[in-house]
1. Quickly work out the Leu178-to-Gln190 label distance, labels modelled 7 Å from Cα along the C-beta direction, and quote it in nm with one decimal.
2. What net charge do the residues around Asn76 carry, taking every other residue with its C-beta under 15 Å from that of Asn76, with Lys and Arg at +1 and Asp and Glu at -1?
3. For every other residue with a beta carbon closer than 10 angstrom to the beta carbon of Asp124, add +1 if it is Lys or Arg and -1 if Asp or Glu, then tell me the sum.
4. Could you give the angle, 0 to 90 degrees to the nearest 10, between helix 44-53's Cα long axis and the longest principal axis of the Cα atoms of the chain?
5. Once phi is turned into ³J(HN,Hα) by the Karplus curve 6.51 cos²θ - 1.76 cosθ + 1.60 with θ = phi - 60°, what whole-Hz value does each residue of the stretch 118-133 show in order, with x for glycine and proline?
6. Cα centroids of the stretch 104-134 and the stretch 1-36: how far apart, whole angstrom?
7. Volume per residue, Å³, of the convex hull around the alpha-carbon atoms of the stretch 2-194?
8. Roughly how many debye, to the nearest 20, is the charge dipole of the chain about its Cα centre, given +1 on each Lys and Arg Cβ, -1 on each Asp and Glu Cβ, and no other charges?
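What follows is calculated from the coordinates using simple rules that are stated; it is not laboratory data. Remember, it's a predicted structure, so these values are computed and weren't measured experimentally. Positions of Cβ are generated from backbone atoms using ideal geometry, with glycine treated the same way; all protein chains shown enter the neighbour counts.
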Amino acid sequence: MFKVILTGGIASGKSAASAHFEKLGVTVVDADKISRELVQPGQAALARIVEQFGSSILNSQGHLDRAALREKVFRNPTERKALEAILHPLIEQRMQQLAEQATSDYVVLVVPLFVETGGTYAHDRVLLIDVAEQVQKTRLAKRDDASPEQVEQRLAAQANRQQRLAAADDVILNDGDLDQLHAAVEKLHQSYLQMSKNV
């Protein structure tokens, strides 16, 4: 199966791009969705997270309080690495399983932290949804109602733009409107269909 990693910084437009690939009939496997499934009550990953960070990261119903966990790990790189060590191997394993079950000509694996985690996922191409840092900051502040300090913290926790560009085979600069993004996705879709036939 021909695998395309779709990655990009926070608020770059990954969800809009992956949704359009899906609309074109491509199987999309999203690391964030799998991460949410893995931390449901009763899952082994949640038990390990509670063991690592304490029960203060659970809400009154016993579900993961994502905001409380985010606050904990964004401020502390050691804590963030501990969380990644629990979740990333499980996410990667599940994504590869789902990719192998895909029935489309190729599969898109949405991995926001692809560069940060060392790019270990099996893949054929890396597609970066790129955006200028100032646009990213504006979108993030608006989307999450985040303070300038919170925006800076979240950006500092991710790879920088140059690191992501260095890891990419294909780049969509997403600084226009949705129509422009869709057109760029459709163009790459045709390329990936051709490439998948040659595998």
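1. The answer from the label model is 2.3 nm.
2. +3
3. +1
4. 50 degrees
5. With the stated coefficients, the stretch 118-133 comes to x, x, 7, 5, 5, 7, 10, 9, 10, 9, 9, 8, 9, 7, 5, 4 Hz.
6. Between the Cα centre of the stretch 104-134 and that of the stretch 1-36, the gap is 8 Å.
7. For the stretch 2-194, the hull spanned by Cα atoms encloses 124 Å³ per residue.
8. The dipole magnitude comes to about 240 debye.
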